[in-house]
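Reviewing the structure listed below.
The values are calculated or read from the model by the stated rules, or taken from the named source; none is laboratory data. These numbers come from a predicted model, not from an experiment. Here Cβ is always computed from backbone atoms with ideal geometry, including for glycine, and neighbour counts include all displayed protein chains.
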Amino acid sequence: MPFGQKKNLRNYFGFESQIIRLIWELAWPVMVGQALHTVLVITDMWFIARLGSVEAAAAGTGTSLLGVIQVLPTLVSAGVVALVARYSGAEDKKTIRQITSSGLILSLVVGFVATLASLMSLDRLLWIFGDADANVLRMAKSYVGIGLFGLTFFFYNATSRSIVQATGDTRNPVKIFIIANVCNIILDYVFINLLHFGIEGAAVATVMSEVLAFVLMTRLTFKNVFNSELKELTHNLTIKLETVLRILKIGGFAVMQMITRPFTGLIMYRIVLAQGVASGAAFGVGGRMFNFVFIFLAGLGTAMSVMVGQSLGRNDIDHAKALIRQGIMLAAINMAVFAIPFYLFPDAFMRFFVDDPEVIRIGVNYLRITYTGVLFATFNTVMGAAFSGAGDTFPPMVASLVGNWAVKIPLAYLLTSYFHMDANGVWLAIGISVAVEALIVITWFGQGKWQHKKI
């Protein structure tokens with residue numbers, strides 16, 4: 001059900017309790033799912049890192065490459081979130097069903113094409129890592145090659161989850177997400193520890209969990225959107241060009257924004273690997289640590305996107321603004337909490353995964369330096385989600401392009417090649433790029449055009 005504005009809000013030190021309650025109702029299931037996914041990512045890396053530093057670097061390299069490819073579902077999911085949320089606010093079930101059908105069919109087509117293209121060009125994709133250690137690249141190729149077979153399912157799952165969440169149901173998609181992640185963890189243990197498949201075992205486990213999620217999400221979408229009525233499904237099982245174009249218009253800018261960070265991350269990984277295998281391992285392990293920060297932000301971002309979209313669907317701009325104000329305050333608290341362990345106890349995090357003193361030393365610097373910039377993700381998350389819910393995905397795209405391409409990459413190259421700061425130069429460049437991106441988002445958001453975006 002759409003979330004309506006509640007009157008007579010009580011303020012406690014700037015917090016509007018009833019609005020926060022509405023945000024929490026949508027956000028907490030996503031947070032639980034993200035938390036479990038973080039456990040999966042950490043567990044996955046723990047199993048792999050125990051095999052050795054080369055395996056850890058290879059997993060980080062492969063994950064970086066897959067991270068770029070796995071952003072592509074945003075082309076469809078960003079559009080369906082904005083459209084379904086808007087029509088949920090207007091309570092137009094007929095249009096929601098039509099958008100759902102077109103979106104899911106489109107996700108399967110795009111997913112299949114992306115899978116085929118990636119498999120055919122895998123060697124070219126790995127070329128971006130340059131003269132990295134040969135063993136690292138060999139293992140990374142094997143890891144990615146297997147992982148790509150789950151890509152089409154990943155595309156479909158991302159789109160169907162976005163559709164169901166945009167209607168206001170964030171709990172059931174997360175239940176499925178939890179089941180799939182538990183399955184992945186169990187299979188990690190089986191394939192890596194019991195069957196000794198090595199790094200390839202982790203990839204096989206991921207593919208199998210995506211297939212399971214595909215089956216469960218199909219069932220949930222059929223129930224929630226089509227009321228478990230086969231007649232409604234068959235009647236709407238079409239793909240309309242007009243709807244596809246609306247989805248792609250919104251998703252096109254969103255995917256360009258989303259793909260920028262992982263794609264430039266590949267280049268950053270190349271720069272990092274040039275500093276040595278220890279730096280690559282620290283980057284791979286340390287990067288997993290930031291998943292803890294985004295557990296809360298992921299749920300908050302989903303809630304903000306859906307609720308802002310529904311508010312605009314009801315032409316209730318004041319409620320949308322109130323949501324955003326509260327969202328920024330909640331995100332800021334989250335960032336302050338995680339500043340304590342990342343600044344004071346980063347060595348404990350690194351030592352949990354690796355015993356190599358050099359990897360630990362580099363990883364400690366990574367967590368401290370980079371997190372200083374990540375603090376600005378408060379604005380990128382909340383305002384970016386509001387832009388997404390409004391269907392105005394162009395401003396976040398511009399901010400991402402500038403922050404990553406014009407700042408992060410050139411600065412990392414400059415600091416490592418000319419100022420000889422080694423891996424610390426990369427960490428500093430990442431932090432500064434996040435701050436620049438936030439500045440652009442804040443400036444654009446303040447113009448207020450998102451409030452009147454027509455989609």
| Does segment 406-415 include one or more residues that are surrounded by 22 or more Cβ atoms within 10 Å (Cβ to Cβ), touching a residue at least 24 places away in the same chain (Cβ under 8 Å) and among the hydroxyl-bearing types (S, T, Y)? | no
| said: Looking at (1) surrounded by fewer than 22 Cβ atoms within 10 Å (Cβ to Cβ); (2) closer than 24 Å to I250 by Cβ, which one does I146 not meet, given that it meets all the others? | reply: (2)
| Does I267 satisfy being over 19 Å from A385 (Cβ atoms) and β-branched (V, I, T)? | yes
| said: Quick check on my filter: what residues within segment 443-454 are in a loop (DSSP other than H, G, I, E, B) and surrounded by 17 or more Cβ atoms within 10 Å (Cβ to Cβ)? | reply: K453
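Taking segment 163-204 on its own, how many of its residues are hydroxyl-bearing (S, T, Y) and closer than 15 Å to A35 by Cβ? Please lay out each step first, then the result.
We begin by selecting, within segment 163-204, every residue hydroxyl-bearing (S, T, Y); these are 167, 170, 189.
Among the residues that remain, those that are also closer than 15 Å to A35 by Cβ are: 170.
Number of matching residues: 1.
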| task | From (1) touching a Lys or Arg at 6+ places or on another chain (Cβ under 9 Å); (2) buried (at least 22 other Cβ atoms within 10 Å of the Cβ), pick out the condition that doesn't hold for D347. | result | (2)
| When you scan segment 183-216, how many residues do you find that are assigned to a helix (DSSP H, G or I) and under 18 Å from F149 (Cα atoms)? | 22
| said: Can you find a residue that is surrounded by 22 or more Cβ atoms within 10 Å (Cβ to Cβ) and either more than 18 Å from the chain's Cα centre (by Cα) or in a loop (DSSP other than H, G, I, E, B) (or both) anywhere in segment 376-388? | reply: yes
| All positions within segment 273-329 that are buried (at least 20 other Cβ atoms within 10 Å of the Cβ) and either charged (D, E, K, R) or free of Cβ contacts under 8 Å to residues at least 12 places away in the same chain (or both) | R288
| task | Sort out which residues of segment 151-170 are in a helix (DSSP H, G or I) and modelled with pLDDT under 90, and write them in order of number. | result | none
| query | Got at least one residue in segment 191-198 being crowded, with 18+ Cβ neighbours inside 10 Å and aliphatic (A, V, I, L, M)? | reply | yes
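Okay, residues lined up against (1) among the β-branched types (V, I, T); (2) within 18 Å of the chain's Cα centre (by Cα); (3) in a helix (DSSP H, G or I); (4) more than 24 Å from C183 (Cα to Cα):
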residue: G67; (1), (2), (3), (4): no, yes, yes, no
residue: G79; (1), (2), (3), (4): no, yes, yes, yes
residue: V84; (1), (2), (3), (4): yes, no, yes, yes
residue: Y87; (1), (2), (3), (4): no, no, yes, yes
residue: L116; (1), (2), (3), (4): no, no, yes, yes
| request: Kindly indicate which of T234, T243 is over 23 Å from T38 (Cβ atoms) and either aromatic (F, W, Y) or modelled with pLDDT of 90 or more (or both). | output: T243
| Does segment 276-298 hold any residues that are within 26 Å of A390 (Cα to Cα) and either in contact with a Leu (Cβ under 8 Å, 6 or more places away or on another chain) or aromatic (F, W, Y) (or both), and which are they? | F294, F296
| Looking at segment 247-357, what helices (runs of 4 or more DSSP H) fall wholly within it and have at least 1 residues that are within 30 Å of G89 (Cβ to Cβ), modelled with pLDDT of 85 or more and aliphatic (A, V, I, L, M)? | 277-313, 317-344
| request: Kindly provide the set of residues from segment 417-442 that are buried (at least 20 other Cβ atoms within 10 Å of the Cβ) and aromatic (F, W, Y), ordered by number. | output: W427
| Taking only pairs six or more apart or across chains, which ones have beta-carbon atoms under 8 Å, a first residue in segment 110-123 that is more than 9 Å from L148 (Cα to Cα), and a second residue that is modelled with pLDDT under 90 and surrounded by fewer than 14 Cβ atoms within 10 Å (Cβ to Cβ)? | none
| request: Please go through segment 167-184 and pick out each residue that is in contact with a Ser or Thr (Cβ under 6 Å, 6 or more places away or on another chain) and surrounded by fewer than 20 Cβ atoms within 10 Å (Cβ to Cβ). | output: C183
| Complete set of residues in segment 89-99 that are part of a helix (DSSP H, G or I) and either free of Cβ contacts under 8 Å to residues at least 60 places away in the same chain or under 21 Å from the mean Cα position of the chain (by Cα) (or both) | K93, K94, T95
| note | Pairs returned, first residue in segment 245-261 that is at positive phi and buried (at least 24 other Cβ atoms within 10 Å of the Cβ), second residue that is of a type in the set (D, E) and at pLDDT 85 or above, beta-carbon separation under 7 angstrom, 6 or more apart or interchain, are none
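Restricting to segment 303-338, what's the tally of residues that are farther than 26 Å from I455 by Cβ and in contact with a helix residue (DSSP H, G or I) (Cβ under 7 Å, 6 or more places away or on another chain)?
Here the count works out to 5.
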| request: Mind listing whichever residues of segment 1-55 are assigned to a strand (DSSP E or B) and at pLDDT 75 or above? | output: E16
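Which residues, taken from segment 359-391, are aliphatic (A, V, I, L, M) and under 30 Å from V76 (Cβ atoms)?
Across segment 359-391, the qualifying residues are V374, A377, V382, M383, A385, A386, A390.
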| query | What about D347, is it in contact (Cβ under 8 Å) with a residue 24 or more places away in the chain and farther than 27 Å from M397 by Cβ? | reply | no
